[in-house]
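Asks: Quick one: this structure, given as structure tokens, is what I'll be asking you about.
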Amino acid sequence: MDAHANEGAAALFDFLCLWEEDQEDGRDRPLAEYLARFPRQQAEVADEYLRLTRSATPSQAEEDQEGGSIPLAEKVGDDRRQVGHYRILGELGAGGQGSVFLAEDQRIRRTVALKLLNGVFVSLAGRARLRREAEALGALAHPAICPVLEAEIEGEIPFLAMPVLKGRDLRQILASKDPLPPNCPHFKPRTRTELQGVLRFFETAARAMHAAHEAGVVHRDIKPGNIFVLTNGHPMLLDFGLAHDASEEAETLTQAGDVFGTPAYMPPEQADSKAGDSDEARGDRRVDVFSLGVTLQESLTGERPFQGANFIALQMAILNQPPADPRLLNPIVGEDLVAVLQVALDKNPARRYPTCLALAEDLRRICEFEPVHARPAGVFLRLARWARRSPGIASGLMGLFSVLVVGLSISLVLLSRVQAANDLLIGRQLREASVERVADSPTAALTLALEANQKAPGERALGVLYEPLLRSRLERVVSLKGATAISVCVVFPGPSNKLAVLGRDGKLVVQSYFGEQSQWSTTLFDKKASSQSRPLLLAASEDGQLLAASSEEGEIVLLEHSAALGWSQRWRLAGSGAPCRDIRFDRQGDRLAVLPAEGPGYVLEVLQGEHQSTLDLASSGARRLDWLGSDGALCLATMPRRGSLGPGTGQIWFLDGSSGALQHSLGGGADPPLGLHVQGDAIALFTNDSVKMLELKSGELRVVGPERALPEGFAPAFVSLDESGKNLAVAGRGGVLIGSGDEAWVSLLENSARMLAWSPDGSRLLVDDSRQTLSLFSSRGALLAEDRDYLVPQNLFWSDSGQHYLAVGKSAHVHIFSARRLGGCFVLESSGRPVDEAALSADGSRAALADRDGEVRMCASPRSGAGTRGPEPGVLLWRSVVHQGPVRQLIFARDAGSLHTFGSDGRALSFDINGDLLGSDEAHEYPLVAGAVSDDGSTWASLDEQGGAQLWTEAGKQALELGFLAQSLYFDNSRGRVVIAGLGSHRRAFDYISGETVWSLQGGENAVSFGIRGLEMWQEEVLAWGSDNHVYFLDPETGQTTRASQRIVPSDWLHATPHGFVTGRSATAASARVQPLGQEPTKAFFVRLPLDGRMLELAVARGGDVALATGADGGLAVWRVPGGEVTCFIQGHGKSPRAIFDPSQGAVRWLTFGQDGRACILPLDPLAVARTRFARPLAAWERDLE
């Protein structure tokens, strides 16, 4: 078909659509007006117009052209006043293919709606379509689908009889401006309620359409004119004349090129004329999904989603343009509903709702506030569709985009290089800053080191983490999410591990700081009430189930906690307009004492918030209050709240907590009280010159113990008692003093303190002083830990267990410090003298240190994750001077855990885990140089510097007759032997129970040249390291060589690994070597180490994958044996350090020691340990310093 024919067909179709709409609207347009609309196809339009009006008489046609009305009798014709046994009463409506009349069934006197075909459609095809509608309606039984009562298809006048419906169709309602009936949904809704009514209406319609689909019927002409709105507001689906039986495949009622349905509501596959009469053109049930979506959007906005001036333009819009955004016309349409409409109107049927039921379910979910399943087309799919619509523009933009991408890629590469250089520089600066600050503020140094690892990761960045980890007791940082500008903070008593903070914005946050990080928050007071500088107040009951808060206007809110409901408000009392100075719960949590800034204080009953009593002090000027323990009395004072500086006016009152009556008062005189602290029944009160203890019991106030004088010029500011009421701390301008009973004061600091906090058991005191230093002291005054300049805390608290202390900063972070040393990275308690030897037990739980004076110290070294049970990491378990001179070797028995020492005084000793002596061997005349111990610790052997050997068993000790100068030995525990080797190719095996010789080899064919410097069991062979720079492979059963020896480079250390021999020399610290097994030394590769000076130690972890080396400059490098990559480097780690790996955990951690007297347990991955302790950005730490 040529272009002219296509244009004519399109114009003729536009005419038919226009004529049908005119008929549905009851508008009679003359032929001349149609001809003027279509000037180039007047002949075709005139012919079609005459065909459509063929059933009218000539006079009636003239009246039609003049626009006159046609009487019902004339329009129907005399032969159509009576249709079968139905008498026509009047016309209900007319369409393009038929009309609907009100008729009476004369047989049963029933009024029905009679549908008749117009004259032009009374044909075989018209009758077939009427039959299809009758069959479709007959097969359906749904309250929202209009049923058929009777059908006559083959008669002279075919008809359908259906019930008479009361109401209007949706098309009329949308076009009308009249008020809606009472039960009718408010289409084009403006409120949420009206929107839900519309969505419920279409949900019902979609479910009805789904029922039709399940019966095999596809409507194909869903539009507002075919949805009837009943007087009760429910939908009714009409006009199944174009319905398609989805089960039929062989027969169709349409011809090739026919398009049936209403164009504005057709999906793309139905509107595309190229599809012809294919299955795609007829469509499946998703055709009705699309049409229903169009109708829904029109009902929401008043406009169809696709617009066009004529049929061609409308068809192009449906095929190519996205639907109009309904939010532009009706803002009540939300995101979920837009997604539903986009999926329903998707041009690709495969992306559309598969059924009307799925559409109905999403409409229900919107009404019931559930998440919808609809997911609109993504960005890339929408972009691809736009490119298909505009290929020219898309091609140009693609070329421009390619140029931009290339330019941007080059820019990004250059920028990344600049950024990498900047990060490297910043990382180096952060490392240097961390090293500078670690002595004063290990926590700040740890923060800087973490930032350095983020900016410029590498072995040196990892190395700077160790020293802050060793010094800082910070265990973790908890963020109080949602809390800002903290005004006050309280920690709940007991094991709940929770705290509450109240911000100046009136927001309350309750959060756990251990275990699962649960949080609850609410806004108690509006921002206006919290905008001034006056602080808010917060108090918690001792059982942790009640919280009381006070606003700046004196408003009081009480919250309670229950297992079922969590936190909830119990009552709220209006304020007087003035703030409160203090609020406190009594010890039972039954009463709340309130001290307002204006007027007398009062006591509230917690249950209902009712006034219980008024305090007998109308204008006392009191600034703080406390409940006393057993008497339930109240103590009021003019002094500031605990922890603040500056004396008060020196007045204290004690009142009955129930009646509010005054019982006692103190104050006045030449030396008035300046401050106090109440702890249970104990009261610590201080004046300018002294401190005394008081007690209130049974209404009697008495002095307890002697009055204690303060140093001259001390100027006390506040006092603090521990929970037992025995340990006392006083802070003033002269520093901090602690004491107990009548003991002399112990001075802790010379700086004034800002806050004091005793641990629950009174064994430790936490001090925050004016230097911004947080210090931890024992109750005897020993400094346990110190951290400076890390934050300015708002509050200091102890956990209920006393294992942790907490500092809450201004930036809404809770810093949790361990009161004991932290596992994973810690210092062992050494003597301070140079450590010559060290050893770790087989299970890694204990470390032994030996100095050059012969003292051995046993320290606890629990592995990371061991918890708080057992000894504190690094703590001294026992110590003893066991040798007269340096200790040459320390060995733990693998199974028994006993410790064996070999000294320069010629003695070998054995100790149990408690330090008790198990056995001693003092038979050597010369200093010992080496020893070996059986796994069960019952037997050991020793060598002296003159080559003598001694065996010690439970049965006794005996000298081993060697006949050669011994140099090395080892225990073969699986065979019960001790093997000793030495100069002149001698090697001999002894039974370590009886001491008898098992085998002895010297010279001959199997001789090992020169001396044997070391023996090591490797897999199924014994490796003998000869002084001739060869490694010999020996049979452990016979001592004979099993294969050819391997030459190695001259070395001072040799370790066998699966990757080869790891060797190193003390004369050079720059490198180590890895020589593969069976290869010549020329095949070995060098490992360049960042050490200066000679190498002091070369150790390899169990498994042979990781090695470490130490240098005389204090450097320590960790590297991977396969590949030789240096993973960590510590610079300046003590003086002449040495190191050994933990035998229980291989390369997970190691022990370092040296001539500076310090010994440490260090992890292989300090970054992982640091992140578990301090996962907090540097910016937040800086805010705490402001």
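Asks: What is the dipole size for the chain, taken about its Cα centre, with +1 at each Lys and Arg Cβ and -1 at each Asp and Glu Cβ, in debye to the nearest 20? Show your work: numbers first, answer last.
Replies: Values: 118 positive and 148 negative charges, 387 e Å.
The calculation lands at about 1860 debye.
Asks: Pop the C-beta distance of residue 881 and residue 724 into the FRET formula with R0 = 35 Å and round what comes out to the nearest 0.05.
Replies: Using R0 = 35 Å, I get an efficiency of 0.40.
Asks: Can I ask one more? Compare the Cα positions of 524, 238, 772 along the charge dipole of the chain (+1 at Cβ of Lys, Arg; -1 at Cβ of Asp, Glu; about the Cα centre) and return the one farthest towards the positive end.
Replies: Projecting each Cα onto the dipole axis, the largest value belongs to 772.
Asks: Using θ = phi - 60° and the Karplus curve 6.51 cos²θ - 1.76 cosθ + 1.60, what whole-Hz ³J(HN,Hα) does each residue of region 111-116 get, with Gly and Pro shown as x?
Replies: Those phi angles translate into 8, 9, 9, 9, 9, 10 Hz.
Asks: By counting other Cβ atoms within 10 Å of each Cβ, how are 299, 752 ranked from fewest to most?
Replies: Details: 299 22, 752 17.
Ordered by Cβ neighbours within 10 Å, fewest first: 752, 299.
Asks: Moving to a separate point now. Sorted from fewest to most neighbouring beta carbons within 10 Å, what does the list 223, 957, 481 look like?
Replies: Values: 223 22, 957 17, 481 11.
Sorted ascending by nearby Cβ count, the order is 481, 957, 223.
Asks: Give the Rg/Rh ratio for region 827-960, taking Rg as the radius of gyration of the Cα atoms and Rh as the Kirkwood radius, to two decimals. List each step's numbers first, then the result.
Replies: On the way: Rg = 14.7 Å, Rh = 14.9 Å.
Rounded to two decimals, Rg over Rh is 0.98.
Asks: Further, regarding this structure: Counting only other residues whose beta carbon sits under 13 Å from that of residue 964, what net charge do I get with K and R as +1, D and E as -1? List each step's numbers first, then the result.
Replies: Working: positive: 987, 988; negative: 961.
For residues surrounding residue 964, the net value is +1.
Asks: Say each of residue 166 and residue 512 gets a label point 7 Å from the Cα, pointing the same way as Cα to Cβ; how far apart are those two points in nm?
Replies: 6.3
Asks: With runs of 4+ DSSP H residues as the only contributors, calculate the mean residue ellipticity of the chain at 222 nm using -39,500 (n - 2.57) per run, divided by the residue total and rounded to the nearest 500.
Replies: Helices in the chain give a 222 nm mean residue ellipticity of -6500 deg cm²/dmol.
Asks: Here is a follow-up. Can you tell me the relative contact order of the chain? Whole percent, Cα pairs under 8 Å, sequence separation 6 or more. The partial results should precede the final answer.
Replies: Details: 2690 pairs, mean separation 59.6, N = 1186.
Relative contact order for the chain comes out at 5 percent.
Asks: Right, another one. For region 717-734, take each phi angle, set θ = phi - 60°, evaluate the Karplus expression 6.51 cos²θ - 1.76 cosθ + 1.60, and give the result in whole Hz per residue in order, putting x for glycine and proline.
Replies: 10, 7, 10, 9, 10, 7, 5, 7, x, 9, 8, 10, 10, 10, 10, x, 5, x
Asks: HN-Hα J couplings of region 499-510 from phi, Karplus 6.51/-1.76/1.60, θ = phi - 60°, integer Hz, Gly and Pro as x?
Replies: Once rounded to whole Hz, the list reads 9, 10, 10, 10, x, 5, 7, x, 8, 9, 10, 10.
Asks: Still on this model: Run the reach check for residue 692 against aspartates and glutamates, Cα to Cα strictly under 20 Å, same-chain hits fewer than 8 apart removed. What comes back?
Replies: Within reach: 626, 671, 681, 700, 707, 712, 722, 723, 742, 743.
Asks: List the aspartates and glutamates whose alpha-carbon lies under 15 Å from that of residue 481, not counting same-chain residues fewer than 8 positions away?
Replies: 505, 516
Asks: Net charge near residue 833: determine it from the other residues with C-beta under 14 Å of the C-beta of residue 833, scoring Lys and Arg +1 and Asp and Glu -1. Display every interim value, and only then the final one.
Replies: Values: positive: 852, 857, 879, 1135, 1158; negative: 829, 836, 837, 851, 853, 855, 1156.
Value of the local net charge: -2.
Asks: To continue, here is another question. The list (1) 1.04; (2) 1.48; (3) 1.24 gives values of Cα Rg over 2.2 N^0.38 Å, and only one came from this structure; which label was calculated from it?
Replies: Answer label, from the structure shown: (2).
Asks: Indicate the gyration tensor shape class of region 697-853 (rounded, prolate or oblate), computed on the Cα atoms with a ≥ b ≥ c the square roots of the eigenvalues: a/c under 1.5 is rounded; otherwise a/b larger than b/c is prolate and the rest oblate.
Replies: On the way: a/c = 1.95, a/b = 1.65, b/c = 1.18.
Verdict is prolate for region 697-853.
Asks: Next question. What is the extension gain from residue 1037 to residue 176, computed as 0.36 nm multiplied by their sequence separation minus the C-alpha to C-alpha distance, in nm to one decimal? Don't skip to the answer; put the middle values down first.
Replies: Numbers: separation 861, 0.36 × 861 = 309.96 nm, distance 10.89 nm.
Taking 0.36 nm per residue and subtracting the Cα distance, the gain is 299.1 nm.
Asks: Any idea how far apart residue 607 and residue 1030 come out in nm if each label point goes 7 Å out from Cα toward Cβ?
Replies: 9.8
Asks: Cut-off is 10 Å between beta-carbons; in what order do 332, 318, 891 appear when sorted fewest neighbours first?
Replies: Numbers: 332 17, 318 26, 891 22.
Ascending Cβ contact count within 10 Å gives the list 332, 891, 318.
Asks: May I ask you to compute the full-extension gain from residue 364 to residue 1120, defined as 0.36 nm times their residue separation minus their alpha-carbon distance, rounded to one decimal in nm?
Replies: Length gained between residue 364 and residue 1120: 266.0 nm.
Asks: A further question on this structure: Pop a pseudo-label 7 angstrom from the Cα along the beta-carbon direction at both residue 111 and residue 569 and give the gap in nm to one decimal.
Replies: That separation, rounded to one decimal, is 5.9 nm.
Asks: Okay, next question. How much length would be gained if the chain were fully extended between residue 1086 and residue 194, taking 0.36 nm per residue of separation minus their Cα-Cα distance, in nm to one decimal?
Replies: On the way: separation 892, 0.36 × 892 = 321.12 nm, distance 8.08 nm.
Length gained, residue 1086 through residue 194: 313.0 nm.
Asks: Okay, moving on. Between residue 782 and residue 661, what's the calculated FRET efficiency when r is the beta-carbon distance and R0 is 60 Å? Round to 0.05.
Replies: Working: r = 47 Å, r/R0 = 0.78.
E(calc), rounded to 0.05, equals 0.80.
Asks: While we're on this one: Please name whichever of 551, 585, 794 sits farthest to the positive end of the charge dipole of the chain, dipole taken about the Cα centre and charges placed at Cβ: Lys and Arg +1, Asp and Glu -1.
Replies: 794
Asks: Say the cut-off is 26 Å between C-alpha atoms; which of 115/177; 166/347; 166/188 go over it? Mind dumping the intermediate values first?
Replies: Values: 115/177 28 Å; 166/347 36 Å; 166/188 22 Å.
Listed pairs above 26 Å: 115/177; 166/347.
Each reported figure results from applying straightforward, stated rules to the coordinates on display, with no laboratory input. Here the structure is a predicted model, which means the values were calculated and not measured. Note that each Cβ is placed from the backbone with ideal geometry, even for glycine, and that neighbours are counted across all protein chains shown.
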